[in-house]
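Report on the structure given below.
The values are calculated or read from the model by the stated rules, or taken from the named source; none is laboratory data. Note that the structure is predicted; figures quoted are calculated from it, not measured. Using ideal geometry, Cβ is built from the backbone for each residue, glycine included, and neighbour counts are taken over all protein chains shown.
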Ligand code: NAD
């Protein structure tokens, strides 16, 4: 049994708390490693290393810090297959999907290579007589990030790449379910030239998270995960005076208008609803066809596509559409919610409940499900299922469909499929959701834009990556300077505008 470590001050360090969690291979259901769960003392040690290393790193000029990121991109590309394999082994997603997870993080690292430009301050020459005014962006000091299981490469990179290139030290507390890739990323960063102590990985659960939230030295906390934990971390972190941004769960609706290309919409729903076994915060979990005829035709097109889905372990290569879910508990929760759908009167058009995969009976595989006639009062509509389960809510009109997306408490992503530019523009303008797709089912913004939902999908203001990340990981300092030029006496007592 492999015993995983923390990564502290440039070295793999065994856990000392005595507490461990099991890391599964979701395809076989076997425990393949034990991950140490840090206590307060281990977190505090990481903070001490970070504090010691950070001032020298902040003093390195931004161009040189960016060069570490350049080298890191090379190393990510060199080790892409290795990282993808380690990721699939612990998460369960297919190899191409795992490589995509690394790739989308890598693109944020590429964006961070622009740090010298992005960190440039503002300057006003002669803001007053002989007075110059300039602002600069300075790192916060020690930052921390707490990440979910579903993107163990991309989401840590969303956080640590901008934090580090801005001159901060970063402590990552990854998901205890798939901690190996985050450890590998920390090693690669140091191979790229990052000094020891600037990236550290402290593995753990709530205890490590609470130690982060209460540590007086840690200046900022980034979180991505489920909504109840996001709300808790936001409240506790803010109460402790930290800068906090938290990204929560989702229930993404896709509106299908009567004029949409229904084959295109059905294909899009298959990828967005069932890809990665539905374990994506940008997965489409609710299809909203407008009009009975649209709904009937859509279901007709979805069923044969769903029946053709290939579910299996990542080791089957390109022959698999999606893999197992992450744990037995996740599988049980999905099955429980599916049962509530049946009990509460939704029509289970495709029933994946009896799905079994020969040779992998102990794996956490869940067959694909399709519900029709779902209504907003049902549990399968209200809650995030985070599994391969697509719910169809029939709307009579566009306004009713828009209202569904707007009234749901989550607001991460949404999409509309239509050939009508006017409907698409109206939807994008009015819907109270953060990321919108127009004939695009999973509208994940690229690295140089920002990522973030609305409503209960987010707590805090600034988004992930793009220019917002450079704001989140720096403080603005504004200097008003006057060099003596004959004004050698006479004080100013009134607060007044620049002349
Ligand atoms: P999770 O909330 O269970 O865990 C996320 C992190 O919080 C982990 O590091 C975990 O160790 C820690 N944690 C868990 N319980 C805690 C507690 N009681 N106190 C303190 N910390 C705790 O989420 P998950 O299951 O790993 O990830 C799936 C969720 O993440 C889904 O809800 C998904 O929608 C969401 N997600 C959101 C986004 C986004 O950008 N909005 C992106 C990816 C995932």
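Just a few scattered comments:
Conditions (1) more than 16 Å from the ligand (Cβ to nearest atom); (2) surrounded by fewer than 24 Cβ atoms within 10 Å (Cβ to Cβ), marked per residue:
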| site | (1), (2) |
| --- | --- |
| 122 | yes, yes |
| 133 | yes, yes |
| 138 | yes, yes |
| 151 | no, no |
| 164 | yes, no |
| 177 | no, yes |
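- Scanning segment 339-385 for residues that are closer than 22 Å to residue 266 by Cα, touching a helix residue (DSSP H, G or I) at 6+ places or on another chain (Cβ under 6 Å) and within 16 Å of the ligand (Cβ to nearest atom) yields a total of 3.
- Residue match in segment 246-266 (condition: within 12 Å of the ligand (Cβ to nearest atom), surrounded by fewer than 23 Cβ atoms within 10 Å (Cβ to Cβ) and at pLDDT 95 or above): yes
- Index of the failed condition, residue 448 passing every other in (1) modelled with pLDDT of 95 or more; (2) away from the ligand (no atom under 13 Å from the Cβ); (3) within 24 Å of residue 341 (Cα to Cα); (4) assigned to a loop (DSSP other than H, G, I, E, B): (3)
- Summed over segment 221-234, residues that are in contact with a strand residue (DSSP E or B) (Cβ under 8 Å, 6 or more places away or on another chain) and within 30 Å of residue 18 (Cβ to Cβ) total 8.
- Residue 210 closer than 25 Å to residue 83 by Cα, within 16 Å of the ligand (Cβ to nearest atom) and surrounded by fewer than 18 Cβ atoms within 10 Å (Cβ to Cβ): no
Residues checked against (1) more than 26 Å from the chain's Cα centre (by Cα); (2) free of Cβ contacts under 8 Å to residues at least 40 places away in the same chain; (3) surrounded by fewer than 19 Cβ atoms within 10 Å (Cβ to Cβ):
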{"position": "10", "(1), (2), (3)": "no, no, yes"}
{"position": "15", "(1), (2), (3)": "yes, no, no"}
{"position": "26", "(1), (2), (3)": "no, no, no"}
{"position": "31", "(1), (2), (3)": "no, yes, yes"}
{"position": "38", "(1), (2), (3)": "no, no, no"}
{"position": "42", "(1), (2), (3)": "no, no, no"}
{"position": "46", "(1), (2), (3)": "no, no, no"}
{"position": "52", "(1), (2), (3)": "yes, no, yes"}
{"position": "55", "(1), (2), (3)": "yes, yes, yes"}
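- Scanning segment 368-390 for residues that are in a loop (DSSP other than H, G, I, E, B) and surrounded by fewer than 18 Cβ atoms within 10 Å (Cβ to Cβ) returns 373, 375, 376, 377, 383.
- Here is the figure for segment 282-303: residues that are under 14 Å from residue 390 (Cα atoms) and in a loop (DSSP other than H, G, I, E, B) total 2.
- From the list 417, 459, the lone residue that is within 30 Å of residue 155 (Cβ to Cβ), in contact with a strand residue (DSSP E or B) (Cβ under 7 Å, 6 or more places away or on another chain) and within 15 Å of the ligand (Cβ to nearest atom) is 459.
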